[in-house]
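Remarks on the structure that follows.
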Amino acid sequence: MHIMILKTIFRITPTAAFLAAGLLIPAMAGGQQFSKKVHQLPEVKVVSKRNQYYTEDQKITVLDSSLLKNHDSGSLGELLSIATPIYIKSYGAKGSVAVPSFRGSSAQQTSVNWNGFPINSMTLGQCDLSLSPAEFTDKLFITHSAPASLYGSGTFGGTLSMENTPRWNQPTMLSVSSELGSWNSQRYSMKGQAGNDRLQYRLSGVYQKAQNNYEYRDYQQYGQPLEERRHNAVQSLGLMQNLFFRHTARSQFEAGLWYQNRNKELPDIMGSTGQSYASQKDSSLRAYAGWKGVFDHSALQVRTALFYHHQLYKEKENIRDEQYMIYSPITTRKWMNELNYRHYLNQRMTFDVGIQYSRLRAEVDAYSNPATEYKASIIGAFQYKRSNLTTNLSVRQQFNPYTNPTPQVSLGANYRPMEKLFLRGHFSTKYRMPTMNDKYWQPGGNRNLVPEHGWTAELGTGYTFDHNSLRAHSTVEMTAYQSMIQDMIEWLPMEGSSFWHPVNTSRVRTRGLEASLSHNLHWNSYRLRLLSLYTYTQALNLNKNQPDIYGNQLRYTPFHTLKNNLHISKKSYTLGTSLRYTGERFTTADNAPSGRLDDYLLLDLFVSKTMQLKNLKGNIKFSIKNLMDNQYQIIANYPMPGRAYYIHLRIQMNQIF
C-alpha cells in the first residue's frame with residue numbers, strides 16, 4: 001500500500017507543478033537579473049527549521065527564559081494555563097489529564113510537537129499536556145492558527161512546539177531540585193550536561209507523586225457536603241537525553257530520547273456515592289535524530305523519529321475482585337521521516353522543498369484487526385524579503401490510502417513601516433484527518449469519513465514604546481482572526497442502534513480577538529516584568545441540520561479570559577503573582593442554563609531568593625496556588641483543588657570540570 005502512495009506523489013497535481021517550478025528557479029537564476037550575492041552562512045546554527053523560517057506573517061508566542069525558569073516545576077499544561085492565551089481543559093490536580101483548547105478549537109485541532117515531530121495520540125488525536133514536564137523544554141514556540149501547509153493535519157487552533165537546543169557557552173552543568181507541597185505532593189528533578197564547543201550531552205529526569213486527596217464541595221449531592229477526593233493518586237517518571245555534535249561549523253548532528261511513564265488513579269465524578277477502582281497507565285518512548293548542513297547557496301536537513309506509546313486502562317467493580325471489569329490495552333507506533341532542501345536565490349528570495357513520509361500502527365482491542373496506515377506529503381515554501389517587508393507562500397499535498405485532502409495553501413506578509421511598528425496579515429487553508437478511533441473503533445468506526453477542512457484569516461499589529469529615561473519598554477499587540485471549519489467530525493447515535501458513530505456533520509465558525517501587553521522596567525536595583533493577556537472567543541455551531549443548537553457557543557469555550565503575570569525583583573529576591581480570570585462556559589450543545597459553569601478567578605503567588613557562591617548557585621522558592629481558595633470546575637463535575645502550598649529548592653553547579 002505504501003508503494004501506491006509513493007507512486008501517487010509523482011502524479012501531476014497543482015502542488016507538484018508548483019514544486020517543480022520552484023526547483024527550476026535556482027537553475028534559471030543565473031540568466032535573470034538576480035544578484036550574485038547570496039546568503040553567506042558561517043555556521044549551521046543559523047539555519048532554522050522550515051516551520052520557524054516561514055512564520056513572520058503569523059502570530060508567534062515565545063515563552064521567555066524568565067517564565068520558563070519560574071514555572072518549570074510543573075507540567076507543560078500548567079505553564080501554558082498561566083503564561084499563554086491557551087485555555088487548558090484540566091480534569092483535576094497535578095498529574096490529571098490536561099488538553100489544550102486554542103482559539104475555540106478542540107484538543108484534536110491543536111498539534112503538539114517535540115523538536116518538529118507531532119506527539120498527538122494517533123487513536124484520540126489529542127495530546128495530554130500533563131505528560132510533558134515543563135523543564136524538558138528549552139524553548140517553547142506557540143503558533144496561533146498554524147498553517148496546514150507547513151505543519152500538516154490538525155492545526156485549526158495552532159501548534160505548540162517544544163524545542164531542545166544546545167548551550168555551547170555552558171559546556172558543563174549539574175542541577176538538582178526538590179519540591180514538597182500539599183496533599184503529599186513530592187517532586188524531584190535533575191539536569192546535567194557535559195561536553196565542549198563541538199560535542200554536548202544532556203540528561204534530564206523528573207520523578208513526581210501526589211495523593212491529591214484535597215477537599216471539595218460536592219454540588220451534585222443534597223446539601224452540598226464537603227468531601228475528600230478519593231482514589232486520585234498519581235506517580236510519574238520522565239527521562240530525557242539529548243546529544244549535539246558539530247562536525248564542522250556548517251554541519252551539525254543532533255539526537256534525543258524521551259521516556260515518560262505515569263500511573264494515575266481515576267476518581268469518580270461529583271455526585272457519585274460509590275468508590276472508583278479505575279486506573280490508567282501511560283508509557284511512551286520517543287526517539288529522534290537529525291542532521292543539517294549548510295552549503296554556499298543552500299542548506300539541507302534530514303530527520304527521522306520513532307515514537308512508541310502504550311496505554312492500559314483497568315477498572316474493577318470491587319477492590320477484592322480478581323478479575324477486571326474492564327481491561328483495555330492500547331499500543332501505537334509511529335515512524336516519521338523528513339527531508340528538506342533550502343535554496344537561497346539571493347539576499348531577498350528563499351525557496352524550500354520538502355518530503356515527509358510516515359508509517360503508523362495501532363493495536364487496540366476495540367479494532368477488528370491491528371490498523372496500519374502510511375502517509376506522505378510534499379511541501380514547498382517561498383519567501384521574499386525586503387528591508388521592511390517579508391512575504392511568505394507555502395503549499396502542501398498529503399497522500400494516504402483513504403481520502404487525500406485538497407492541496408493546502410498559506411499566504412501572508414509582515415510589514416514594518418517603522419522599526420517599532422509592525423502590521424501582519426495571514427491566510428491559510430486547514431484540514432484534520434480522522435483519527436484511528438474514528439475509522440476503526442468497533443462498533444461505530446466509519447472509514448468513509450472525509451477530512452475536516454476550512455480556512456483561517458488573521459490581521460495583527462503591534463508597537464513597542466521605549467522609555468529611555470526610565471530604562472523601560474512596553475509592547476502592545478492585537479490580533480483579530482476568523483476561521484471556518486467544514487465537515488467537522490462528531491460522534492452521534494447511530495440510527496436504529498444503541499451505538500454511536502462518527503460522521504461529518506458540523507460547520508463551525510470561530511472568530512476572536514487577542515490582545516497582549518508586556519512591560520519591562522529597570523529602576524535602581526528593582527526590575528519589574530508585567531505580562532497581560534486578554535482573549536475574546538466566539539465559536540458558533542452553524543450546522544443548519546441541527547436547528548436546536550444553530551448559532552450556539554461550542555461547549556467548554558469561554559467568551560472571555562484574562563491573565564496577568566507580574567514579577568518584581570530586587571537583587572536576589574523575586575516576588576511573583578499570577579491572576580487569571582475565565583468566563584462562564586456551557587457544557588451542553590444547547591447552551592442550557594442548567595449546564596452552565598460559573599466564571600472563576602485564580603490568584604497564585606510566589607517569593608524566591610537566589611544565592612551564589614563561586615560556581616555554586618542556589619534558589620529557594622515558596623509558592624501558594626489558588627490563594628483565595630476558590631471552588632471551581634474546568635470540566636463539569638471534576639472539582640479542581642483549593643489553596644495549596646509548595647516549597648521548592650534548586651542547587652546548580654556550573655563548570656564542574
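The values are calculated or read from the model by the stated rules, or taken from the named source; none is laboratory data. The model shown is predicted, which means the values in this text are computed figures rather than measured ones. No Cβ is skipped: glycine too gets one built from the backbone with ideal geometry, and neighbour counts run over all protein chains shown.
A count restricted to the stretch 484-522 and to residues that are of a type in the set (Ser, Thr, Tyr) and farther than 19 Å from Ile549 by Cα stands at 4. Condition check: in a helix (DSSP H, G or I), modelled with pLDDT under 85 and not aliphatic (A, V, I, L, M). Does Lys45 satisfy that? So Lys45 passes the test. Among the criteria (1) buried (at least 20 other Cβ atoms within 10 Å of the Cβ); (2) out of contact with any Asp or Glu (no Cβ under 9 Å at 6 or more places or on another chain); (3) outside any strand (DSSP E or B); (4) of a type outside the set (Lys, Arg), the one Pro558 does not fulfil is (2). Among the residues of the stretch 135-174, the ones that are part of a helix (DSSP H, G or I) and either without any contact (Cβ under 8 Å) to a residue 60 or more places away in the chain or within 17 Å of Ala194 (Cα to Cα) (or both) come to 1 in all. Sub-9 Å Cβ pairs linking a first residue in the stretch 69-81 that is under 17 Å from Leu531 (Cα atoms) and surrounded by fewer than 24 Cβ atoms within 10 Å (Cβ to Cβ) to a second residue that is at pLDDT below 95 and basic (Lys, Arg), at least 6 apart or interchain, are Glu78/Lys94, ordered by first then second residue. Of all residues in the stretch 598-631, those being touching a residue at least 40 places away in the same chain (Cβ under 8 Å), surrounded by 15 or more Cβ atoms within 10 Å (Cβ to Cβ) and more than 20 Å from Leu180 (Cα to Cα) number 2. Every listed requirement among (1) more than 30 Å from Thr574 (Cα to Cα); (2) surrounded by 15 or more Cβ atoms within 10 Å (Cβ to Cβ); (3) at pLDDT below 95; (4) not hydrophobic (A, V, I, L, M, F, W, C) is met by His519 save one, (1). One residue alone among Ser572, Ser516, Ser532, Ser506 is among the polar types (S, T, N, Q) and in contact with a His (Cβ under 9 Å, 6 or more places away or on another chain), and that residue is Ser532. Of Val508, Val503, all but one fail to be of a type outside the set (Lys, Arg), crowded, with 20+ Cβ neighbours inside 10 Å and either closer than 21 Å to Ser106 by Cβ or free of Cβ contacts under 8 Å to residues at least 60 places away in the same chain (or both); the exception is Val508.
Sub-7 Å Cβ pairs linking a first residue in the stretch 327-350 that is within 12 Å of Gln383 (Cβ to Cβ) to a second residue that is charged (D, E, K, R) and surrounded by fewer than 21 Cβ atoms within 10 Å (Cβ to Cβ), at least 6 apart or interchain, are Asn346/Lys37; Gln347/Lys37; Arg348/Lys385; Arg348/Arg386, ordered by first then second residue. Count of the stretch 432-489 residues, restricted to those that are part of a loop (DSSP other than H, G, I, E, B) and of a type outside the set (Ser, Thr, Tyr), is 13. Only one entry of Gln224, Gln186, Gln193 meets the criterion of being free of Cβ contacts under 8 Å to residues at least 40 places away in the same chain and assigned to a loop (DSSP other than H, G, I, E, B), and that entry is Gln224. Applying a threshold of 6 Å to beta carbon distances and a minimum spacing of six or more residues, or different chains, the list of pairs starting in the stretch 562-578 at a residue that is at positive phi and ending at one that is surrounded by fewer than 20 Cβ atoms within 10 Å (Cβ to Cβ) and outside any strand (DSSP E or B) reads Lys571/Ser525. Scanning the stretch 157-194 for residues that are under 18 Å from Gly256 (Cα atoms), surrounded by fewer than 19 Cβ atoms within 10 Å (Cβ to Cβ) and small (Gly, Ala, Ser) turns up Gly192, Ala194. From the list Thr143, Thr155, Thr159, Thr110, the one residue that fits, being at negative phi, β-branched (Val, Ile, Thr) and out of contact with any Pro (no Cβ under 9 Å at 6 or more places or on another chain), is Thr143. When we screen Ala362, Ala289, Ala371, Ala376 for residues that are small (Gly, Ala, Ser) and out of contact with any helix residue (DSSP H, G or I) (no Cβ under 7 Å at 6 or more places or on another chain), the only hit is Ala289. All conditions but one from (1) under 26 Å from Arg50 (Cβ atoms); (2) in contact with a His (Cβ under 7 Å, 6 or more places away or on another chain); (3) not hydroxyl-bearing (Ser, Thr, Tyr) apply to Val302; the one that does not is (2). From the list Leu533, Leu575, the lone residue that is of a type in the set (A, V, I, L, M, F, W, C), modelled with pLDDT of 95 or more, assigned to a strand (DSSP E or B) and farther than 19 Å from Ala480 by Cβ is Leu575.
In the stretch 228-242, the residues that are closer than 14 Å to Lys281 by Cα and touching a residue at least 24 places away in the same chain (Cβ under 8 Å) reach residues that are part of a strand (DSSP E or B) and hydroxyl-bearing (Ser, Thr, Tyr) with C-beta atoms within less than 6 angstrom, at least six apart or across chains, in these pairs: Leu237/Tyr207. Taking the condition over 23 Å from the mean Cα position of the chain (by Cα) and surrounded by fewer than 20 Cβ atoms within 10 Å (Cβ to Cβ), does Ser283 pass? Taking the combined requirement at face value, the residue does not satisfy it. Considering each residue of the stretch 581-596 in turn, none proves to be exposed (fewer than 13 other Cβ atoms within 10 Å of the Cβ) and under 21 Å from Asp72 (Cβ atoms).
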